[in-house]
Amino acid sequence: MPTAECAVTYDSPKQISLFLKDKGLTLKKRFGQNFLVSPGARRKILSLLEPLPGETLWEIGPGIGSMTHMLVGNVEKLFAFEIDHGLIRVLEESLGNVSTLVVVAGDYLKTWRRTSELHGLPDAVVGNLPYNAAAPIIASLTEWEAPVRRAVFTVQREVARRMAASPRTKDYSSFSLTCQARFDVQLHGDIAPASFYPVPEVTSTIVRLVPNTRDRSCDQGLFAEVVRILFAARRKTIRNNLLSERNGELYSRGIVETALREAEIDPTARGEELSVDEVVGLVVALERARRGKAI
């Protein structure tokens, strides 16, 4: 089984450029391909991920396999999701004899469900995520019935700030709530554009996600619906947003006002003012009010 010590990696833009040219490959802008050149950044990601020998790991966007080479010797099974057929060929040429590696061809957002049905969900996830798809990829993790033990990603700095944002700040959004309801979001430093090839126009941040138990106490489907409604019109009050999205008895005035009172939430506040725990409390109160069991 290959290990990080014996792997061939490419640690400079020139090396990667020559490698791609030798393989007859050109990068495709629509895939958002920016390879992480810095070996120090890759080592930091690996240390934050803390992979264990008996675990199954998913890597999203392995590219030419620099991180993949470091991972295959540390886990029981590694599934590498790659959309570029040219890069799939590169991975198969360099790691095709590694029995613990499974390359999943295609768009991760279109293949992860089928992969999980066939092989189960992983213990950990890692990826240098394409900037244009990072948010939906991370959001997909919140759909899992059992939370991943740990996930480490590189994302655009602005996306990382949204994920970790606090209430009443300009970066706080429905995405912040979605992430923080399932995970403790930890930011572990920026990566300069020069650490990637080709050099992007933005700065990246390393993000680690560790599961928490916040959303276990309420209906996850209702939580997602309430979060969407709270931010449907940011300038509207919580009460008005809930009442403007009527859906049978769920959003009747009596249910909404009872739930807000039981959750001790100011009905004239706005969604961006609520913490994750307050939104969870509101969802629980809405569930009680729907069942006619408000106390």
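Assess whether residue 160 counts as being over 20 Å from residue 282 (Cβ atoms), of a type in the set (A, V, I, L, M), in contact with a Pro (Cβ under 9 Å, 6 or more places away or on another chain) and assigned to a helix (DSSP H, G or I).
For residue 160, the condition - over 20 Å from residue 282 (Cβ atoms), of a type in the set (A, V, I, L, M), in contact with a Pro (Cβ under 9 Å, 6 or more places away or on another chain) and assigned to a helix (DSSP H, G or I) - is not met.
Looking at region 15-64, which of the residues that are assigned to a helix (DSSP H, G or I) and among the aromatic types (Phe, Trp, Tyr) is nearest to the chain's Cα centre (by Cα)?
Looking at residues that are assigned to a helix (DSSP H, G or I) and among the aromatic types (Phe, Trp, Tyr), I get 31.
Just checking, how many residues over region 52-70 are over 25 Å from residue 199 (Cβ atoms) and buried (at least 24 other Cβ atoms within 10 Å of the Cβ)?
Of the residues in that region, 2 qualify.
Considering (1) aliphatic (A, V, I, L, M); (2) surrounded by fewer than 21 Cβ atoms within 10 Å (Cβ to Cβ); (3) over 28 Å from residue 177 (Cβ atoms); (4) in contact (Cβ under 8 Å) with a residue 24 or more places away in the chain, say which one residue 133 fails and leave the rest.
The number of the failed condition is (3).
What number of residues in region 51-61 are modelled with pLDDT under 95 and either touching a helix residue (DSSP H, G or I) at 6+ places or on another chain (Cβ under 8 Å) or hydroxyl-bearing (Ser, Thr, Tyr) (or both)?
Total satisfying the criteria: 1.
If only one of 99, 116, 140 is small (Gly, Ala, Ser) and in a loop (DSSP other than H, G, I, E, B), which one is it?
Result of the check over 99, 116, 140: 99.
Look through 197, 172 and report the one residue that is within 16 Å of residue 130 (Cα to Cα), out of contact with any Cys (no Cβ under 6 Å at 6 or more places or on another chain) and not aliphatic (A, V, I, L, M).
Answer to the selection: 197.
Whether any residue in region 162-176 is more than 21 Å from residue 50 (Cα to Cα), charged (D, E, K, R), surrounded by 17 or more Cβ atoms within 10 Å (Cβ to Cβ) and touching a residue at least 12 places away in the same chain (Cβ under 8 Å) is what I want to check.
Checking region 162-176: at least one residue is more than 21 Å from residue 50 (Cα to Cα), charged (D, E, K, R), surrounded by 17 or more Cβ atoms within 10 Å (Cβ to Cβ) and touching a residue at least 12 places away in the same chain (Cβ under 8 Å).
Keeping to region 18-45, report how many residues are over 26 Å from residue 136 (Cα atoms), surrounded by 14 or more Cβ atoms within 10 Å (Cβ to Cβ) and without any contact (Cβ under 8 Å) to a residue 60 or more places away in the chain.
Counting residues in region 18-45 that are over 26 Å from residue 136 (Cα atoms), surrounded by 14 or more Cβ atoms within 10 Å (Cβ to Cβ) and without any contact (Cβ under 8 Å) to a residue 60 or more places away in the chain gives 3.
Across region 201-228, what is the number of residues that are in contact with a Leu (Cβ under 6 Å, 6 or more places away or on another chain) and in the same structural domain as residue 286 (by TED's automatic domain parsing)?
1
Given the conditions (1) over 19 Å from the mean Cα position of the chain (by Cα); (2) surrounded by 14 or more Cβ atoms within 10 Å (Cβ to Cβ); (3) more than 20 Å from residue 133 (Cα to Cα), report the number of the one that residue 84 does not fulfil.
Every condition holds for residue 84 apart from (3).
Are any of the residues in region 203-213 farther than 21 Å from residue 169 by Cα and modelled with pLDDT under 90?
Yes, region 203-213 has at least one match.
Give all pairs with beta carbons closer than 7 Å in which a residue from region 46-60 that is free of Cβ contacts under 8 Å to residues at least 24 places away in the same chain meets a residue that is surrounded by fewer than 17 Cβ atoms within 10 Å (Cβ to Cβ); count only pairs at least 6 apart in sequence or on separate chains.
53/76; 54/76
What residue, among those in region 92-104 that are of a type in the set (Gly, Ala, Ser) and surrounded by fewer than 15 Cβ atoms within 10 Å (Cβ to Cβ), is nearest to residue 33 (Cα to Cα)?
96
Where in region 184-287 are there helices (runs of 4 or more DSSP H), lying wholly inside it, with at least 2 residues that are more than 24 Å from the chain's Cα centre (by Cα) and surrounded by fewer than 19 Cβ atoms within 10 Å (Cβ to Cβ)?
238-243, 253-262
Inspect all residues belonging to region 113-127 and state whether any of them is modelled with pLDDT under 95, in contact with a helix residue (DSSP H, G or I) (Cβ under 8 Å, 6 or more places away or on another chain) and buried (at least 16 other Cβ atoms within 10 Å of the Cβ). Even if it seems obvious, please write down each step before you answer.
Here is the first cut: in region 113-127, the ones modelled with pLDDT under 95 are none.
No, every residue in region 113-127 fails to be modelled with pLDDT under 95, in contact with a helix residue (DSSP H, G or I) (Cβ under 8 Å, 6 or more places away or on another chain) and buried (at least 16 other Cβ atoms within 10 Å of the Cβ).
If residue 263 passes every condition in (1) touching an Asp or Glu at 6+ places or on another chain (Cβ under 9 Å); (2) in contact (Cβ under 8 Å) with a residue 60 or more places away in the chain but one, which one does it miss?
Just one mismatch for residue 263, condition (2).
The values are calculated or read from the model by the stated rules, or taken from the named source; none is laboratory data. Worth saying up front: this structure is predicted, and the values here are computed from it rather than measured. All Cβ positions, glycine included, derive from the backbone under ideal geometry; neighbour counts span all protein chains shown.
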